[in-house]
Structures are given as C-alpha cells and as structure tokens.
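Q: One structure follows; several queries about it will come next.
The values are calculated or read from the model by the stated rules, or taken from the named source; none is laboratory data. As the structure is a computational prediction, the values presented were derived from the model and not from experiment. Cβ: placed from backbone, ideal geometry, glycine included. Neighbour counts: every protein chain shown. Side chains are part of the model used for accessible areas, which takes the heavy atoms of the whole protein and leaves out ligands, DNA and RNA. Shrake-Rupley method; radii C 1.70, N 1.55, O 1.52, S 1.80 Å.
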Amino acid sequence: EFIFKLPAPDAVTSFPNHRMLLSCAQLLCRGISPLGRWPSRSVMNLGELVSALNGFASLSLAESWDNVGLLVEPSPPHAVSTLLLTNDLTEEVMEEAVQKKADLILSYHPPIFTPLKRVTWRTWKERLVVRALEHRIGIYSPHTAYDAIPHGVNNWLTKGLGACTSVPLHPSAAPSYPGEGTHRVEFCAENTEHLETLLSKIKDIQEISSVTTLPVRVEGEEQTRVSLNCSQKALLEVVALLSKNSFLYHKTEILLLQKPLLPHTGMGRLCTLSEPVSLLAIIERIKSHLKLPHIRLAVGMGKTLESPVKKAALCAGSGSSVLKGVEADLYLTGEMSHHAVLDAVANGISVILCEHSNTERGFLSELRDTLAIHLQNKINIIVSEKDRDPLQVA
C-alpha cells in the first residue's frame with residue numbers, strides 16, 4: 001500500500017508542485033504508475049490460472065508425443081502473483097525466477113520430457129524440480145499447443161516474411177467432436193426377439209457407445225432403426241456379428257466419423273506473399289524479425305539469391321517432418337536434418353535455418369502482452385532475461 005500525505009487544502013494551492021502531486025495520487029489510486037507500467041499486485045490461484053492458460057491454448061491441440069500442461073505443482077493452496085515466461089528452463093533461468101520471486105514459470109519447451117526415475121541433485125533437470133519445489137514455483141509447459149493455435153508461435157514467425165496469407169500445413173481437428181467412436185453403424189430390422197438378442201450381443205462388445213433405436217416405417221412395414229458408435233477395433237466385431245444375418249448385413253451402413261478441422265489451427269504454415277520478393281530480401285526480413293546477425297542458407301537447385309519467393313513453408317523449431325514434401329519456394333525453420341536439406345535443395349527449394357529456439361523465443365514478448373489481456377492484468381507477467389539459444393557463431 002502507498003500512503004500519500006497531502007498538504008491541507010489551503011496549503012495545496014500555494015504548494016509549487018501541487019498539481020503534479022495530485023495527478024500522481026490519482027494515477028496511483030487507479031493502479032497506474034506515474035513513471036510507467038506498474039507491476040500488478042493482484043494474485044490468481046494456481047488452479048484458476050492453469051484453467052485460464054488451458055483456455056488460451058487447449059492442450060488437446062498438442063502432439064500426442066508431447067508433455068504439456070502443469071508439470072510441477074507446489075502443495076496447495078498456491079497463489080501466483082508473478083508469471084515468468086521462458087523458451088527453455090535452464091538452471092540460469094531458474095535462478096532468475098527465484099531472484100524475481102516468480103510463482104509460476106511458463107516454459108515453452110517442457111523441462112520434463114522423458115520420465116524421471118528419481119529426483120536428486122545429480123542431474124540438471126532433477127535439480128530444476130528440486131529448486132522449483134523448494135521455492136514453491138510451479139512449472140507449466142504448452143509447447144506444441146502453442147505451435148498449433150492461430151495466435152501462436154508459427155503465426156508470429158510468419159510476420160518475418162512480410163505481408164502474406166497463411167494456412168496450416170497440417171490442420172488440427174476438433175478434439176471433442178464426435179464425442180466417442182471412429183465409426184457409426186446403422187441398420188434396420190424387424191422388431192423381433194432376434195433383434196433383441198442381437199442388440200444384447202452388440203452391447204457386450206467393448207468400445208461400443210451410443211446405441212440408439214428408433215421406430216421407423218420401411219416399405220410400409222414397422223421396423224426398428226439401430227444406430228451405434230464404435231471404435232475401429234469394435235467395428236470388426238460388429239460386422240462379424242451382422243454378417244451372420246445376410247439380410248441385415250446387406251442393409252447395413254457404415255459411416256466414418258471425421259472430426260471437423262479447426263480454422264487457422266495446426267502445425268506449420270504455408271505462406272503466400274502478397275508480392276514475390278527476392279530470396280535475398282526475404283533473408284534480410286527474417287534476420288530483422290528474429291534479431292539475428294546470421295542465418296544458415298541452402299540455395300535450391302537452379303536458384304540464386306535474386307530468385308523470387310512467392311510461397312514459403314515454415315515451422316518453428318525443428319521442421320524436417322512438418323515440411324517434408326511441401327511444395328514451396330522456401331523452407332524456413334530452426335533446424336533440419338542434413339538429408340532433409342539435401343532433398344529440399346534437389347527439388348529447387350531454398351532452406352533458411354535460424355537455430356531451433358531462435359525461431360521461437362521472440363514470440364515471448366508478444367505472448368506476454370496477449371496473456372496480459374487474456375488474464376485481465378490480474379498478475380505480473382515478465383519475460384526471462386537469461387533465456388538464450390545455446391548455440392552461437394564463433
């Protein structure tokens with residue numbers, strides 16, 4: 001709390017800086033620093049904050065191999081006043097978090113990826129967990145969920161190309177639709193004891209859901225329409241069961257339940273520039289956007305630095321698998337395997353590599369501002385000053 005003792009009303013008018021003093025007091029009462037942005041004094045419960053972060057980027061959008069979400073949780077209740085953003089959680093960044101009294105670290109890359117069999121002082125990743133718990137600091141990682149969202153890392157990286165339109169290279173599907181099963185089986189049958197026996201056997205099959213029956217009239221006869229959802233494995237058992245009755249089997253419809261694609265959401269981006277520009281111009285734009293003095297370049301077969309670039313495929317971080325087979329004038333990513341670069345060059349595609357985390361880290365400043373709005377400025381959000389790419393040009 002800040003207490004300001006103002007002169008008496010009659011004395012204020014004669015006070016030389018009375019207007020400035022009153023203005024400062026009014027700003028502070030509204031939570032605004034007269035010298036600039038004032039750190040937030042409010043807090044959020046960890047559970048409330050994690051729910052809000054999951055709402056910002058659904059963890060269901062992350063790749064299946066990834067390890068995302070809340071990775072380290074101090075014993076509850078745990079209030080969060082300061083959130084530290086970092087691309088990589090190293091021991092140097094952890095020390096920074098301790099010194100700056102962070103209550104939660106959002107590390108883009110998950111510091112815990114492969115399972116830990118013990119938590120000791122022996123390895124640096126174990127020490128991160130020990131220090132986090134000792135200082136009551138939670139650790140949260142979004143990783144590939146942030147790659148997929150429309151307002152995420154890959155979208156930020158597209159801004160380095162200049163004016164362009166982009167679509168995901170590998171679109172994400174809606175995670176919760178349809179609710180259960182990969183296939184729907186539908187058939188009509190007469191409402192007999194045989195049907196009741198058949199339904200009983202179907203319901204005994206594992207991974208069957210949403211079995212519904214509806215009376216219908218087919219060619220003037222009263223029948224029952226059966227509909228059910230099932231998995232790929234259960235489908236084989238259902239078909240085997242129905243095939244024992246040739247009449248039912250030939251009247252069966254099998255539908256593949258495909259989840260709808262989410263707009264502007266998915267891995268990587270294929271960008272179409274508003275106007276073609278030379279490869280050299282693109283290089284300068286990217287270096288400026290990423291604030292890098294150097295990048296690594298492989299010029300596509302038959303191309304030069306003056307060759308025009310109209311389409312660029314990009315993927316923050318490691319792009320070999322995401323960019324494979326994509327037709328474009330340019331691949332932009334952090335790192336690719338040697339042979340993936342050779343394949344691209346042989347197909348006339350130029351490749352720009354900027355090192356893995358250099359294609360991600362700059363997003364943190366944009367994330368800080370976006371999260372502040374999403375969290376309604378309830379907590380103080382800071383970006384690590386110690387986080388950096390481990391590689392440098394010597």
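Q: Please go through the range 108-120 and pick out each residue that is within 22 Å of D387 (Cα to Cα) and not aliphatic (A, V, I, L, M).
A: Residues of the range 108-120 that are within 22 Å of D387 (Cα to Cα), as a first pass: 108-114.
Within the range 108-120, Y108, H109, P110, P111, F113, T114 meet the criteria.
Q: Can you confirm whether the range 80-97 contains a residue that is touching a residue at least 60 places away in the same chain (Cβ under 8 Å), small (G, A, S) and open to solvent by 10 Å² or more (accessible area, probe 1.4 Å)?
A: Yes, because at least one residue in the range 80-97 is touching a residue at least 60 places away in the same chain (Cβ under 8 Å), small (G, A, S) and open to solvent by 10 Å² or more (accessible area, probe 1.4 Å).
Q: Looking at (1) within 30 Å of L332 (Cα to Cα); (2) at pLDDT below 95, which is the only condition S42 fails?
A: Single failed check for S42: (1).
Q: Oh, and also: Can you tell me which residues in the range 147-177 are out of contact with any strand residue (DSSP E or B) (no Cβ under 7 Å at 6 or more places or on another chain), open to solvent by less than 40 Å² (accessible area, probe 1.4 Å) and part of a loop (DSSP other than H, G, I, E, B)?
A: Passing the criteria: only G152.
Q: Taking the criterion of being touching a helix residue (DSSP H, G or I) at 6+ places or on another chain (Cβ under 9 Å) and within 20 Å of F56 (Cβ to Cβ), would at least one residue in the range 158-168 satisfy it?
A: Yes, there is a match, as at least one residue in the range 158-168 is touching a helix residue (DSSP H, G or I) at 6+ places or on another chain (Cβ under 9 Å) and within 20 Å of F56 (Cβ to Cβ).
Q: Moving on. Please verify whether G266 is surrounded by fewer than 16 Cβ atoms within 10 Å (Cβ to Cβ) and either touching a Cys at 6+ places or on another chain (Cβ under 8 Å) or at pLDDT 95 or above (or both), treating the condition exactly as stated. Give the derivation first.
A: On the way: surrounded by fewer than 16 Cβ atoms within 10 Å (Cβ to Cβ): no; either touching a Cys at 6+ places or on another chain (Cβ under 8 Å) or at pLDDT 95 or above (or both): yes.
Considered against the rule, which asks whether it is surrounded by fewer than 16 Cβ atoms within 10 Å (Cβ to Cβ) and either touching a Cys at 6+ places or on another chain (Cβ under 8 Å) or at pLDDT 95 or above (or both), G266 comes out as no.
Q: Checking V98 against (1) part of a helix (DSSP H, G or I); (2) in contact with a helix residue (DSSP H, G or I) (Cβ under 6 Å, 6 or more places away or on another chain); (3) among the β-branched types (V, I, T), which test does it fail?
A: Here V98 clears every test but (2).
Q: Further question on the same structure: Could you list, in sequence order, all residues of the range 44-65 that are part of a loop (DSSP other than H, G, I, E, B) and surrounded by fewer than 17 Cβ atoms within 10 Å (Cβ to Cβ)?
A: Within the range 44-65, E63, S64, W65 meet the criteria.
Q: Read through the list (1) closer than 25 Å to A57 by Cα; (2) touching a helix residue (DSSP H, G or I) at 6+ places or on another chain (Cβ under 7 Å); (3) not small (G, A, S), then give the number of the only condition that I286 fails.
A: Here I286 meets the rest and fails (1).
Q: Moving on to the next point. Report whether or not D66 is at pLDDT 95 or above and touching an Asp or Glu at 6+ places or on another chain (Cβ under 7 Å).
A: It is false that D66 is at pLDDT 95 or above and touching an Asp or Glu at 6+ places or on another chain (Cβ under 7 Å).
Q: Moving on. With E355, E366, E335 as the choices, which residue is at negative phi, of a type outside the set (A, V, I, L, M) and in contact with a Leu (Cβ under 8 Å, 6 or more places away or on another chain)?
A: Step by step, each of E355, E366, E335 is checked, and only E335 is at negative phi, of a type outside the set (A, V, I, L, M) and in contact with a Leu (Cβ under 8 Å, 6 or more places away or on another chain).
Q: Now a separate question. Quick check on the range 66-94: of everything there that is part of a loop (DSSP other than H, G, I, E, B) and among the acidic types (D, E), which residue is nearest to H143 (Cα to Cα)?
A: If we take residues in the range 66-94 being part of a loop (DSSP other than H, G, I, E, B) and among the acidic types (D, E), then D66 is nearest to H143 (Cα to Cα).
Q: How many residues are touching a residue at least 24 places away in the same chain (Cβ under 8 Å) and assigned to a helix (DSSP H, G or I) if we restrict to the range 110-135?
A: Selection size over the range 110-135: 7.
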